[in-house]
Amino acid sequence: MPKLISPIFMLLACLLASQPVHAKILQTKEFTDWTVYRQQTDAGNVCFMTSEPKKLSGNYDRDNRGETRVFVTHGPGKADRDVVSVMAGYSYQKQSSVDFRVDGKPFSFFTVEGRAWSMGPNDDAKAITAMKRGSKLVVTGISSRGNKTIDEYSLSGFTKAKAHLDQLCR
């Protein structure tokens, strides 16, 4: 776990997790396996692209797991762009890390409850570059109950979705 968690990451987590009812999330466009959304908040536009896994595996009861997704987000400020995160659909094991692999290239993400983030903007940039070049993303985590999960995502459409995201939320 990093020594200092950026306030930007924590703000983004709060923005995505607890938006007021009047802040509608609008789907803007789909690109194969990735979809881009925009949300107007009191702080400004939040734009993000997301995908669901193509394959879920591990020794756990699927009925006990919530929604699972990977995100790339542009927050309302210029400083919080290209934030890569994972939503597990369960609470991660405390002080654990998530193995985020693009075509076998590993990245380590830190966890906070049911979300995981890269270690910072430089790692976000490296992960996004790998995702643009790659075809498969595998996210492996451990739940608070000790169950290992392995989620496989397609990166088909990622590059076009990322270009649209950048255009939508400048």
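Just so it is clear, none of the values below were taken in a lab; they were calculated from the coordinates. These figures come from a predicted structure and were not determined experimentally. Please note: Cβ atoms are built from the backbone with ideal geometry, for glycine as well, and neighbour counts cover all protein chains shown.
A few points about this structure:
- Checked against (1) closer than 19 Å to Pro53 by Cβ; (2) surrounded by 21 or more Cβ atoms within 10 Å (Cβ to Cβ), Ile150 meets all criteria but (2).
- Residue count for the range 69-89 under the criterion of being within 17 Å of Phe158 (Cα to Cα), outside any strand (DSSP E or B) and in contact with a strand residue (DSSP E or B) (Cβ under 6 Å, 6 or more places away or on another chain): the result is 1.
- Condition check for Val70: in contact (Cβ under 8 Å) with a residue 60 or more places away in the chain and either farther than 21 Å from Pro121 by Cα or among the β-branched types (Val, Ile, Thr) (or both): yes
- Qualifying residues in the range 68-112 (those that are among the acidic types (Asp, Glu) and out of contact with any Asp or Glu (no Cβ under 8 Å at 6 or more places or on another chain)) - the one nearest to Ser135 (Cα to Cα): Asp103
- For the range 115-170, a residue qualifies if it is among the hydroxyl-bearing types (Ser, Thr, Tyr) and not in a helix (DSSP H, G or I), and the qualifying residues are Ser118, Ser135, Thr140, Ser143, Ser144, Thr149, Tyr153, Ser154, Ser156.
- Out of Lys105, Lys160, one residue alone is within 17 Å of Phe71 (Cβ to Cβ) and not small (Gly, Ala, Ser). It is Lys160.
- Any chance Val98 is closer than 20 Å to Thr32 by Cα, assigned to a strand (DSSP E or B) and in contact (Cβ under 8 Å) with a residue 12 or more places away in the chain: no
- For the range 129-137, the criterion of being surrounded by 15 or more Cβ atoms within 10 Å (Cβ to Cβ), of a type in the set (Val, Ile, Thr) and out of contact with any His (no Cβ under 6 Å at 6 or more places or on another chain) is satisfied by no residue at all.
- Counted residues, the range 28-67 - those being in contact (Cβ under 8 Å) with a residue 60 or more places away in the chain and not acidic (Asp, Glu): 23
- Beta carbons closer than 8 Å, at least 6 apart along the sequence or on distinct chains, pair a first residue in the range 127-156 that is closer than 11 Å to Arg101 by Cβ with a second that is part of a loop (DSSP other than H, G, I, E, B) and among the charged types (D, E, K, R) for Ala130/Asp103; Gly134/Asp103; Lys136/Asp103; Glu152/Lys54; Tyr153/Asp33; Tyr153/Glu52; Tyr153/Lys54.
- Number of positions in the range 73-95 that are basic (Lys, Arg) and either surrounded by 13 or more Cβ atoms within 10 Å (Cβ to Cβ) or without any contact (Cβ under 8 Å) to a residue 24 or more places away in the chain (or both): 2
- Annotation: of all residues in the range 31-56 being among the charged types (D, E, K, R) and part of a strand (DSSP E or B), the one that is surrounded by the fewest Cβ atoms within 10 Å (Cβ to Cβ) is Lys55.
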